[in-house]
Amino acid sequence: VLVDSGSAAFTLGSLAVGTAVGSILTLGVIRAADRFTRSALVGVLGAAAFLTLLHRALHFELLLSAIVAGAVLNYASPHAMTTLLEENATPVHVVLFAQAGLRIDLIGMAAHFSPVAVIVLFLARFGGMFAGSAGAARALSLPHPQWRAFGLVTQLAIALSLVTRMHDTFPEAAPLADAAAGMVLLNLVSGPPLLVVALKGAGEAGAQDEGGSRAAA
């Protein structure tokens, strides 16, 4: 079992499993996404189920392996993955948000953290993203540096998984984990409106529709 081989073997094994699963998806199912979109989606779901069963047998780090598999898949075939997600956005989002909602205990969270802590964490995260994205955009002479952080606010699946892992691994830090979960929810709720603000501020909101209207005229 990988867990018994030490932390280095545990981490490397998790990375290897994720890389292997991502590579198999890239070489097989996703390559056919243009023709067989539903089959590709079934393949991704099947790979997720296979990864879960393999985790139960080998006890590697499931979250790390899943992240690596997704990164390999996105790097090797970004357009196919984008097409797959766009054409199946509704069922994917229904499952994702339902699963996320099942993992959130709002009453229990509210009993263990202060709203002030959630707001402080939210502002600290946003401040860091704003400084980093604006500074990088200015250094690279990219347009609209002041709006870029507004499109990076939303969090959900991986963030909630990390918060859950923090809560389970460090029970003494449960109040901090609950506050972090509250921050994730605040980011989830505020992210879409802030993205709209960013698109309008950068002049990109409605640009495609206007371009299409001009072309039609």
Exercise. Looking at (1) farther than 26 Å from Ala149 by Cα; (2) out of contact with any Ser or Thr (no Cβ under 7 Å at 6 or more places or on another chain); (3) at pLDDT 70 or above; (4) buried (at least 16 other Cβ atoms within 10 Å of the Cβ), which is the one condition that is false for Ala76?
Worked result: (2)
For this session: Residue by residue through the stretch 53-96, note down the ones that are more than 20 Å from Leu12 (Cα to Cα) and among the acidic types (Asp, Glu).
Result: Glu86, Glu87
Seminar exercise, completed: Checked the stretch 132-188 for anything aromatic (Phe, Trp, Tyr) and without any contact (Cβ under 8 Å) to a residue 24 or more places away in the chain; matches are Phe170
For this session: Quick one: count up the residues across the stretch 189-209 that are at pLDDT below 85 and either part of a helix (DSSP H, G or I) or loosely packed, with under 11 Cβ neighbours inside 10 Å (or both).
Result: 3
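The values are calculated or read from the model by the stated rules, or taken from the named source; none is laboratory data. Since we're looking at a predicted model, the values are computed, not measured. Quick reminder, even Gly has a Cβ in these numbers, built from the backbone with ideal geometry, and neighbours come from all protein chains shown.
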